[in-house]
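The values are calculated or read from the model by the stated rules, or taken from the named source; none is laboratory data. Because the structure is predicted, anything quoted here is derived from the model rather than measured. Here Cβ is always computed from backbone atoms with ideal geometry, including for glycine, and neighbour counts include all displayed protein chains. The protein model used for the area step is the full one, side chains on, heavy atoms only, and it has no ligands, DNA or RNA in it. Shrake-Rupley method; radii C 1.70, N 1.55, O 1.52, S 1.80 Å.
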Amino acid sequence: VLEMDKDFTFFKVDSESKFSFQSCPFVLNACTKSLGLYYDNRISMYSERRITALYSLVQGQQLNPYLRLKVRRDHIIDDALVRLEMISMENPADLRKQLFVEFEGEQGVDEGGVSKEFFQLVLEEMFNPDIGMFTYDESTKLFWYNPSSLENEAQFTLIGIVLGLAIYNNCILDVHFPMVVYRKLMGKKGTYLDLADSHPVLYQSLKELLDYEGDVEEDMMITFQISQTDLFGEPITYDLKENGDKIPVTADNRKEFVSLYGDYILNKSVERQFKAFRRGFQMVTNESPLKCLFRPEEVELLICGSRNLDFQALEETTEYDGGYSKDCRIIKDFWETVHSFGEEDKRLFLQFTTGTDRAPVGGLGKLKMIIAKNGPDTDRLPTSHTCFNALLLPEYDSKEKLKERLLKAITYAKGFGML
């Protein structure tokens, strides 16, 4: 029932005289708040455009009203890093312009879909375990900063900028970080309790130490010196306190040991990497109301979307064009086919149609998908405009052919011109 456009105006313009729910963000859900953030981001983009137009008139310079990135698909990190690094040094305000990405040698015009693919490719490259920037935990399926990474800080700053640009340009990313990363982005520090989802095995060991009822000093025989392995498998020791190797852990000081251990793993050991990462994120989001509106778990939802896919809600909100309606035979066959897909194929379908395999904040019902008729029965595959969440579906003459063509399209969908 909240009219978010009016509430947003009160929040930004008349906060002295009018009450706004956005000044009490704990009352609002993430879906409502994300709409407020969307308005704020769009106004910033238009403002940057107006300023650029004024500069062009006054100084006669042809400045670019958009943040344009031209990248080569096979050198995507180098190109993005060089361009974004130059922008962040020369004029960081340009990061708050609307993003337009162009892949060299490809015809895709960026109305949102090319940006989605750009984000996806950058993240795939950056999170590749072979590069060594992040470590991957098979049990939790999460990434964590590699304390002994050899990459320079600019690489981590780039990932921070990419996360900020995704929020700013309303894109959902396939990022797998533990919650503590979002807590740290919001200015909090990682504590022992945060190890539960980022380092579950270590958390369990420390919990057992805290709960141990025997003689801790005699039975455990541990000191305030800890050991880790580096990138090359070599052991590294670290004193949690001065002369830590000479201070035994006892029942009296075990809480301090656990607290220092958590602080070292989550804060001190990755301080260089995280500072660079946060700096990049703040370059884009510093002037946004993100920090005052959202809790860390809501920031994760903004960046990553929801993994809960309700295709029934998607069917109810989908619109039809070009002669199709929800009562057409092919549309009924289409939804029966999609509902019969397994989890993996459903994600591939979403990736093919919208450019991401996650649901936006508020669920799939918030995704305005369009299914348009693309001619009579044919051997051509279905195609999509990811910028507009539009699926172009030929009127296949049988349900079997529809399923076969659709599966082929969603399985081999990478890059532009793949028809």
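Structural remarks
- Glu344, Glu256, reordered so the largest accessible area comes first (probe 1.4 Å): Glu344, Glu256
- Divide the volume of the convex hull around the Cα atoms of the chain by the residue count and you get 205 Å³ per residue.
- Within the range 124-194, GluC sites (Glu not before Pro) in DSSP loop having at most 14 other beta-carbon neighbours inside 10 Å: Glu138
- Using bins of 10 Å that start at zero, the share of Cα-Cα pairs per bin across the range 82-176 amounts to 14, 43, 34, 10, 0, in whole %.
- Surface accessible to a 1.4 Å probe, per residue, for the residues of the chain, Å²: 51 Å²
- Per-residue extension of 0.36 nm, minus the Cα-Cα distance of Ile131 and Ser227, leaves a gain of 32.2 nm for this segment.
- With Cα atoms, 0 to 90° folded angle of helix 30-59 axis to the chain main axis: 70 degrees
- In summary, the lysines within cross-link reach of Lys268, defined as a Cα separation below 20 angstrom excluding same-chain residues under 8 places away, comprise Lys184, Lys188, Lys189, Lys241, Lys255.
- Nearest-0.05 FRET efficiency for Tyr38 and Asn91, computed from C-beta distance (R0 25 Å): 0.55
- Enclosing the Cα atoms of the range 192-270 in their convex hull gives a volume equal to 100 cubic angstrom per residue.
- Across the range 311-413 the C-alpha pair distances fall into 5 Å bins from zero in the proportions 2, 13, 25, 30, 21, 7, 1, 0 percent.
- Computed with every protein chain present, the accessible area of Arg73 is close to 80 Å² [probe 1.4 Å].
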